[in-house]
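Structure first, then comments.
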Amino acid sequence: MKIEVVKDILDANEEWAKENRRFFDGAKLISINIMASPGAGKTSLIMGTLESIGSCAAVIEGDIASTIDAEKIGTLGVPVVQINTGGACHLDAAMIKKALERLDLKGLKYLFIENVGNLICPAEFNLGEHVRVIVASVPEGDDKPFKYPGIFSTAQAVVLNKWDTLSYFDFDFERFKRGIYSVNPEVPVFRVSCKTKEGLGDWIDWLKGLTY
Amino acid sequence: MHELTITENMVGLVTEEAKGRKVSTINLVIGELSGVVEESLIFCFHVISKGTLLEGASLNIKKIEGRMRCRLCSFEFGIDGDGLCPACRRPGGKLISGKELYIESIEVEDRDEDRGG
Ligand SMILES: Nc1nc2c(ncn2[C@@H]2O[C@H](COP(=O)(O)OP(=O)(O)O)[C@@H](O)[C@H]2O)c(=O)[nH]1
Ligand SMILES: [Mg+2]
Ligand SMILES: [Zn+2]
């Protein structure tokens with residue numbers, strides 16, 4: 001006997017994500033899910049951004065293990081919670097819901113969520129975020145969007161970091177953009193260096209323009 | 001290895017739908033942009049389904065390719081290009097398929113009451 005099911009496999013996660021989204025909306029908090037490979041510069045971008053926008057933000061740090069990134073962020077004096085996934089290669093909506101209980105978000109405007117360094121798995125797990133940002137970096141090569149079209153297709157913004165290292169690599173920015181546009185034609189792509197702070201202004205202007 | 005999480009979710013949903021019947025086939029739909037590695041899903045399924053009503057069921061996977069539709073002229077095209085619409089050469093395509101990840105249907109063994117007897 002055949003039974004028609006037609007159910008999304010990640011339905012349970014979607015339900016949690018909806019709940020998180022209601023929470024963010026209720027708190028008037030813009031939530032930003034930041035995804036990248038390990039070492040692309042997620043933590044550096046969050047820190048560079050916080051230094052510029054001031055203390056109107058909180059951060060959730062996702063890592064397989066360790067509290068190194070949370071400690072770094074903590075030095076800036078913003079509320080931060082570390083989630084250790086204990087091996088899981090992505091954050092899911094239920095983990096975020098738990099982390100939210102440990103944060104005092106009153107009066108804040110932004111919540112940055114640093115996802116686990118990985119360009120495959122986090123793409124499928126909606127956290128309830130308002131926007132998804134993919135960070136890539138020059139040393140990783142201009143073919144990243146061609147290799148991981150799935151995650152690039154879901155981005156509301158792409159930040160290309162380590163622009164200061166351009167002269168050391170054969171990185172073709174036009175090719176990089178072509179790869180992104182082939183799955184996500186109108187997404188803004190920001191070239192930045194978290195080291196020299198070059199280009200961070202445009203990214204921060206875009207953030208400030210977000211409404212939920 | 002998010003395929004493990006995905007497989008656990010899938011097994012949970014199928015178990016619910018099967019209502020105690022033995023499952024012989026699971027028909028899945030997976031988009032090419034979903035990020036799921038088929039081999040890994042099948043492997044996880046063999047491990048997780050052992051000793052359950054799903055053990056030995058065949059996984060029938062329908063693959064869906066990524067497609068875009070031009071918002072300006074409605075032309076449909078693949079995701080291997082430069083993001084411009086091949087028909088009108090303007091940007092503004094929207095992804096219309098490729099992200100699927102769902103259970104379409106399952107086949108379970110008939111019980112007497114299912115035969116309407
Ligand atoms: N040259 C250069 N190095 C950078 C830049 N941004 C980050 N890094 C370095 O890259 C490494 C990884 O950065 P991190 O922010 O920890 O990456 P994450 O793993 O994505 O959080 C660190 O050693 C940073 O100092 C940049 O714009 N230019
Ligand atoms: Mg980090
Ligand atoms: Zn067109």
So is residue A:174 out of contact with any Gly (no Cβ under 7 Å at 6 or more places or on another chain) and either under 27 Å from residue B:4 (Cβ atoms) or within 16 Å of ligand 3 (Cβ to nearest atom) (or both) or not? no
Just checking, does the stretch A:75-92 include any residue being within 13 Å of ligand 2 (Cβ to nearest atom), open to solvent by less than 20 Å² (accessible area, probe 1.4 Å) and more than 14 Å from chain B (Cβ to nearest Cβ)? yes
Residue list for the stretch A:145-185, restricted to those being in contact with a helix residue (DSSP H, G or I) (Cβ under 7 Å, 6 or more places away or on another chain), part of a helix (DSSP H, G or I) and under 21 Å from residue A:129 (Cβ atoms): A:145, A:150, A:151, A:152, A:180
Is it the case that some residue within the stretch A:167-187 is over 22 Å from residue B:80 (Cα atoms), among the basic types (Lys, Arg) and over 13 Å from the mean Cα position of the chain (by Cα)? no
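Could you list, in sequence order, the residues of the stretch B:56-69 that are open to solvent by 80 Å² or more (accessible area, probe 1.4 Å) and not polar (S, T, N, Q)? Show your work before the answer.
Filtering the stretch B:56-69 down to residues open to solvent by 80 Å² or more (accessible area, probe 1.4 Å) leaves B:60, B:62-63, B:65, B:69.
Selection gives B:62, B:63, B:65, B:69.
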Among A:19, A:51, the single one that is part of a helix (DSSP H, G or I), within 15 Å of ligand 1 (Cβ to nearest atom), over 16 Å from the mean Cα position of the chain (by Cα) and away from every other protein chain (no Cβ under 14 Å) is A:51
Within the stretch A:22-48, considering residues that are surrounded by fewer than 22 Cβ atoms within 10 Å (Cβ to Cβ) and among the basic types (Lys, Arg), the one nearest to the other protein chains (Cβ to nearest Cβ): A:22
Please determine, by comparing only the residues of the stretch B:70-99 that are surrounded by 19 or more Cβ atoms within 10 Å (Cβ to Cβ) and in contact (Cβ under 8 Å) with a residue 60 or more places away in the chain, which one is farthest from ligand 3 (Cβ to nearest atom). B:99
Reported set for the stretch B:20-32 where residues are open to solvent by 10 Å² or more (accessible area, probe 1.4 Å) and within 9 Å of chain A (Cβ to nearest Cβ) is B:21, B:25, B:27, B:32
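Kindly indicate the residue of the stretch A:50-74 that is away from ligand 2 (no atom under 14 Å from the Cβ) and free of Cβ contacts under 8 Å to residues at least 24 places away in the same chain and also nearest to residue A:27 (Cα to Cα) among those meeting that condition. Break it down stepwise before answering.
Residues of the stretch A:50-74 that are away from ligand 2 (no atom under 14 Å from the Cβ), as a first pass: A:51-58.
Of the ones still in play, those that are also free of Cβ contacts under 8 Å to residues at least 24 places away in the same chain are A:54-55.
On the way: A:54: 19, A:55: 16 Å.
Only one residue fits best here, namely A:55.
Being away from chain B (no Cβ under 14 Å) and under 28 Å from residue B:36 (Cα atoms) is the filter here; which residues of the stretch A:93-113 pass it? Before you say what the answer is, go through the steps one by one.
To start, the set of residues in the stretch A:93-113 that are away from chain B (no Cβ under 14 Å) comprises A:96-113.
A:96, A:97, A:98, A:99, A:112, A:113 - these are the residues of the stretch A:93-113 that are away from chain B (no Cβ under 14 Å) and under 28 Å from residue B:36 (Cα atoms).
Okay, residues lined up against (1) open to solvent by 10 Å² or more (accessible area, probe 1.4 Å); (2) modelled with pLDDT of 95 or more:
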| site | (1), (2) |
| --- | --- |
| A:122 | no, no |
| A:127 | no, yes |
| A:132 | yes, yes |
| A:135 | no, yes |
| A:139 | yes, yes |
| A:154 | yes, no |
| A:157 | no, yes |
| A:164 | yes, yes |
| A:167 | yes, yes |
The stretch A:169-212 - residue that is β-branched (Val, Ile, Thr) and closer than 22 Å to residue B:70 by Cβ and, of those, modelled with the highest pLDDT: A:189
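Answer yes or no as to whether residue B:107 is facing chain A (nearest Cβ under 7 Å), within 24 Å of residue B:31 (Cβ to Cβ) and either buried (at least 16 other Cβ atoms within 10 Å of the Cβ) or modelled with pLDDT under 95 (or both). Spell out how you get there, then give the answer.
Details: facing chain A (nearest Cβ under 7 Å): yes; within 24 Å of residue B:31 (Cβ to Cβ): yes; either buried (at least 16 other Cβ atoms within 10 Å of the Cβ) or modelled with pLDDT under 95 (or both): yes.
Criteria met by residue B:107.
Counting only residues that are within 17 Å of residue B:10 (Cβ to Cβ) and hydroxyl-bearing (Ser, Thr, Tyr), which one in the stretch B:34-93 is nearest to the other protein chains (Cβ to nearest Cβ)?
Within the stretch B:34-93, the first condition is being within 17 Å of residue B:10 (Cβ to Cβ), and the residues that meet it are B:34-64.
Keeping just the survivors that are hydroxyl-bearing (Ser, Thr, Tyr) gives B:34, B:40, B:49, B:52, B:58.
Working: B:34: 7, B:40: 11, B:49: 15, B:52: 17, B:58: 14 Å.
That would be B:34.
The values are calculated or read from the model by the stated rules, or taken from the named source; none is laboratory data. If you're wondering where the values come from, they're calculated on a predicted model, not measured in any experiment. Methodologically, a virtual Cβ is constructed for each residue, glycine included, from the backbone with ideal geometry; neighbour enumeration extends over all protein chains shown. Just the protein is used for accessible areas: all its heavy atoms, side chains included, with ligands, DNA and RNA removed. Shrake-Rupley method; radii C 1.70, N 1.55, O 1.52, S 1.80 Å.
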